Amino acid sequence: MTKNTLWTVLGVVAAVVIGWILVNILFSVLAFFFKLFLVAIVAVVVFFVLRSVFARHDEA
């Protein structure tokens, strides 16, 4: 195996490892923002449900 071939193989392995790490980080960040978005939607729904429940209680 020549020196150039060895460096090519090591470069490909390093590129795959770095790509794997970057994709994992990207998906983690996307999953975090997606969860944050879902939590915000659920919080707004719960807020309005609680508000309507307590508004009906106060009128009676």
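Any read-out appearing in this document is the output of simple, stated calculations on the displayed coordinates, not a laboratory observation. These figures come from a predicted structure and were not determined experimentally.
In deg cm²/dmol, rounded to 500, what helix-only [θ] at 222 nm does the chain give when every DSSP H run of at least 4 residues adds -39500 (n - 2.57) and the total is split over its residues? List each step's numbers first, then the result.
Numbers: 1 runs with 57 residues, N = 60.
Dividing the helical sum by the residues of the chain leaves -36000 deg cm²/dmol.
Going from the alpha-carbon gyration tensor of the chain, what semi-axes, largest first and in whole Å, does one get by taking the root of 5 times each eigenvalue? Walk me through the numbers on the way to the answer.
Working: eigenvalues 663, 3, 3 Å².
Square roots of five times the eigenvalues give 58, 4, 4 Å.
Got a sec to turn the phi values of region 16-24 into Karplus ³J(HN,Hα) couplings, 6.51 cos²θ - 1.76 cosθ + 1.60 with θ = phi - 60°, whole Hz, x for Gly and Pro?
In residue order, the calculated couplings are 5, 5, 5, x, 4, 5, 5, 5, 4 Hz.
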